[in-house]
Amino acid sequence: MSEQHFLHGFLNPKKSVAFYGANNKGGSLAAIQIMDLIKSGYDGNIYPIHLKLDSVMGFKAYKSLAEIPEIPDLVIIVLPAKVVPQIFKECGEKGVKKIILISGGFRELTDDRKNSLTEEICNIADSYGMRFIGPNCLGVFNNWYHPENEYSAFNIAIWEKLKKGNFSIASQSGTLSSHIWFDPSSVDVGLSKSLSVGNEANIDIVDCLEYYKNDDQTQVIGLYIEELKRGKKFLELAKEVTSTKPIVSIYVGGTEAGNRALQSHTGSLAGNSRLYDAAFKATGIIRTDYVQEFLDVALILSNGVLLKGNRLGIITNSGGPGAMIANNAEKKGLIVPEFSKSLQIELKEHLPSNASFKNPVDCAFDMDLPYFYITLPELLMKSGEVDAIIQYGVVGFQDVLDDFLNYEKIAKSAEFTNQPVEVVDNLAKKLVIPTVQNSRKYQVPILHVSPMPFNSPWSKRLRENGFLLFRLWDRPVNALAKVYEYVSYIQKSK
């Protein structure tokens, strides 16, 4: 179905892409985008267009679009706004049907710098039957350009290689669709597609939502919204989409400073934040206020975590985090139930004498890793008394001990040794995989929290083996509560 939508061609230009504005200096955005295509393994033809250069990034350069030996599937423009109308005419005369206009200098200009360039290029596009994304955008990304190739993507927006996923973004801000992915080692969300729509002079958020609705490689949708031009259509479509695919959104606007920033950014006319909040609730859209929360909710949903209810079990090896998780959870609409007497008795059989077992389960500091990682979570999962679990304290003690061994005085006296990488790798698998399997078996999701660095060796092992891992404990609670709001909406809508 999605292959029939006109946006499919923007994300899948099979034969060729032409670029206006690229050079070999690396300082031009168009040059960076060509280099992105090279890095991501694009196998179509690349045609730089430059009046003076004979080649750009190793590709033959052409003086004009008319000289190119074929009609490009897609044309990218990164040139001053004043020359864009002429370029649009050249594209129309060539027979081009799809343009991504990166350039700024259109509707976002204010005061005495207003211009009519947007209307001019829209009229030209209409007269030639062309569609275009932008202006003032950062391009597109398709991680499934070659589904069978793990390392291939169609990419003119993101510098780094990202793992394939089912989360797709449509954004009126290039930054949110692009920059947040520049450190993939710190983001576990796999990305499917990204569309930066900029000023939406021709293609808007509604178009993107229509495309993602029927895209098999998109199961969770992320939106960054500054304004909605087709508000009624958006709400109708969003309500339809959220019945099968969650939508996570950031709306920016509603404050005096925010509205002022938007006017100079994309020329958007922001509305009352409370009106957007009410509209999102009515359609089942998950509203987030912060980028980290946006990504946390996407991480949970893209891993198929949908709660059956709002009862939260808490396991911790430190009392303070357990208390804060419980307090925050109930403030956010989750329930932290006191466990039944039978479950408490069962827990007591495994816990040290100084532990608490009513919920939160605080086993205090204990080095018995199998019971902490596997036994306790399974007891809660199979009890039927919780719908989700947050576990704090999945610490890699071997990382800590190895660091101590770097000190000569400690190493001389220590009765422990550095463990080979293979041994620690196997330990992580033995601790993590049974709990991941139990989570699926009992349909009780579990989120893990570690105070260790997110990219520490132990944290990486936990993540690679299937744990959904967070640093500190506020984030998983806040995100899980947002997910439950969505589940509640779906349940009420049935």
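No value in this document is a laboratory result; all are computed from the given coordinates. These figures come from a predicted structure and were not determined experimentally. Backbone-built Cβ (ideal geometry, glycine too); neighbour counts: all protein chains shown.
Each other residue within a Cβ distance under 11 Å of residue 465 adds +1 if Lys or Arg and -1 if Asp or Glu, for a net charge of +3.
Per residue, the average separation of C-alpha pairs within less than 8 Å and at least 6 apart gives the stretch 306-493 a relative contact order of 28 percent. Centre-to-centre separation between the Cα atoms of the stretch 361-406 and those of the stretch 296-331: 15 Å. Restricting the calculation to Cα atoms, every distinct pair contributes to the Kirkwood radius of the chain, found to be 25.0 Å.
Just to be sure I understand: of the beta bridges DSSP finds with both ends in the chain, what percent are antiparallel, rounded to 5? Intermediate results must be reported in sequence, preceding the final value.
On the way: 8 of 57 bridges.
In the chain, approximately 15 percent of DSSP beta bridges are antiparallel ones.
Distance between the C-alpha centres of the stretch 172-237 and the stretch 56-103: 25 Å, rounded to the whole angstrom. Sorting the segments 277-289, 158-170 by their residues' average number of neighbouring beta-carbon atoms within 10 angstrom, most packed first, yields 158-170, 277-289. The relative contact order of the stretch 39-176 comes to 20 percent, based on Cα pairs under 8 Å that sit 6 or more residues apart. In this calculation the C-beta distance from residue 24 to residue 338 is compared with R0 = 51 Å, giving a FRET efficiency of 0.15. Among 224, 145, 151, 212, a tally of other beta-carbon atoms within 10 Å of each Cβ gives an order, fewest to most, of 151, 145, 224, 212.
Label sites at residue 488 and residue 183, each approximated as a point 7 angstrom past Cα along Cα to Cβ, lie 3.3 nm apart. For the stretch 182-252, applying the loop criterion from DSSP together with a ceiling of 14 other beta carbons within 10 Å to the trypsin sites (Lys or Arg not before Pro) yields 229, 230.
Please sort 336-342, 205-211 by packing, taking for each peptide the average over its residues of neighbouring beta carbons within 10 angstrom, highest first. Kindly include the intermediate steps, with their values, before the conclusion.
On the way: 336-342: 13.6, 205-211: 21.7.
Output ranking for 336-342, 205-211: 205-211, 336-342.
Can you tell me the length gained on complete extension of the stretch residue 116 to residue 348, counting 0.36 nm per residue apart and subtracting the Cα distance?
Values: separation 232, 0.36 × 232 = 83.52 nm, distance 7.36 nm.
The residue 116-residue 348 span can extend by a further 76.2 nm.
Of all DSSP-defined beta bridges confined to the stretch 306-493, some 5% are antiparallel rather than parallel.
What's the FRET efficiency of residue 426 with residue 128 using the Cβ-Cβ distance as r and R₀ = 56 Å, to the nearest 0.05? It comes to 0.35. Within straight-line reach of residue 239, meaning a Cα separation under 20 Å, sit the following aspartates and glutamates at least 8 residues removed in sequence or on another chain: 204, 207, 210, 215, 216, 226, 227, 277, 485. Between residue 66 and residue 355, full extension at 0.36 nm per residue minus the direct alpha carbon distance yields a gain of 96.4 nm.
Once the Cα-Cα distance is subtracted from the 0.36 nm per residue extended length, the residue 8 to residue 53 segment shows a gain of 13.0 nm. Distance between the pseudo-spin-label points of residue 236 and residue 443 (7 Å out from Cα toward the beta carbon): 3.5 nm.
Given a Förster distance of 30 angstrom, what is the FRET efficiency for residue 159 paired with residue 472, based on the Cβ-Cβ distance and rounded to 0.05? Don't skip to the end; give the middle numbers.
Numbers: r = 28 Å, r/R0 = 0.93.
For residue 159 and residue 472, the calculated efficiency is 0.60.
Could you tell me the relative contact order of the chain? Use alpha-carbon pairs under 8 Å, at least six residues apart, and round to a whole percent. Can you show the working numbers first?
On the way: 955 pairs, mean separation 51.3, N = 494.
Here the relative contact order equals 10 percent.
In terms of distances greater than 31 angstrom between alpha carbons, the cross-link table entries 382/492; 14/213; 163/494; 164/331; 14/63 yield 163/494; 164/331.
Between the amide H of residue 16 and those of 45, 73, 74, distances stay under 5 Å, these residues lying 5 or more places away or on another chain, with hydrogens modeled in the peptide plane.
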